[in-house]
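Have a look at the structure below, then the notes.
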Amino acid sequence: MDCLPSELTSGTFRNSTILPELPIDVLLLILQETVAKPFQLDPSITKGPNNLWLRELRFRKGLTLVCRRWWEPAARLLYGHVVLRRPGQIPALTRTLEQSTETIGRDISVLVRHITLDKMVTLDITSEVVHVALQKILERCTALISFTVLSHPNFYEANDSA
């Protein structure tokens, strides 16, 4: 304890400026080591409501709430790879991206680097709404690197029987 500065041992560390703030990119590298890699997770709905992918998603959301300084790198982790599993999530993501500038003061669509549609089945009654919303997402996400569609395993069977 003798080698520690008195600010650390006296309980006044929170207001102390003895440690410089980490740059955002360094903080991002640190936070990246706390989350699972995409290949380690299965976002399938069939895994149930408490699967590892959903727990990881809740953890990433929680990182954005730690403090203001953590928000940007944590948001990069949260929105870097968006997985959509149900058709209703597409218009919801569109609203989130469109309203982010006015609600949080930042355009989070620039954080989206990868989008995956995971085994999603779209009913004919909602397909136009989903199509328009998806088009808006793709227009807004200017930093998008990949767009992946993983088809539902029964998709071809349903179309073959028609």
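The values are calculated or read from the model by the stated rules, or taken from the named source; none is laboratory data. Just so we're clear, the structure is a prediction, and the values are computed from it rather than from any experiment. Protein only, heavy atoms only, side chains kept; ligands, DNA and RNA dropped before computing areas. Shrake-Rupley method; radii C 1.70, N 1.55, O 1.52, S 1.80 Å.
Table for the structure above
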item: Cα gyration tensor shape of region 32-91, rounded if a/c is under 1.5, else prolate or oblate by comparing a/b with b/c; result: prolate
item: Accessible area (Å², 1.4 Å probe, nearest 10) - E102; result: 150
item: Heavy-atom accessible area ranking, 1.4 Å probe, most first, across W53, W70; result: W70, W53
item: Solvent-accessible surface ranking, highest first, for D118, D107, D25 at 1.4 angstrom; result: D25, D107, D118
item: Whether region 42-142 is rounded, prolate or oblate, judged on the alpha carbon gyration tensor where a/c under 1.5 counts as rounded; result: oblate
item: Hz values of 3J(HN,Hα) by residue in region 33-44 - Karplus curve (6.51, -1.76, 1.60), Gly and Pro given as x; result: 6, 8, 10, 6, 7, x, 5, 8, 10, 10, x, 4
item: Largest-first ordering by accessible area, 1.4 Å probe, given options L41, L138; result: L138, L41
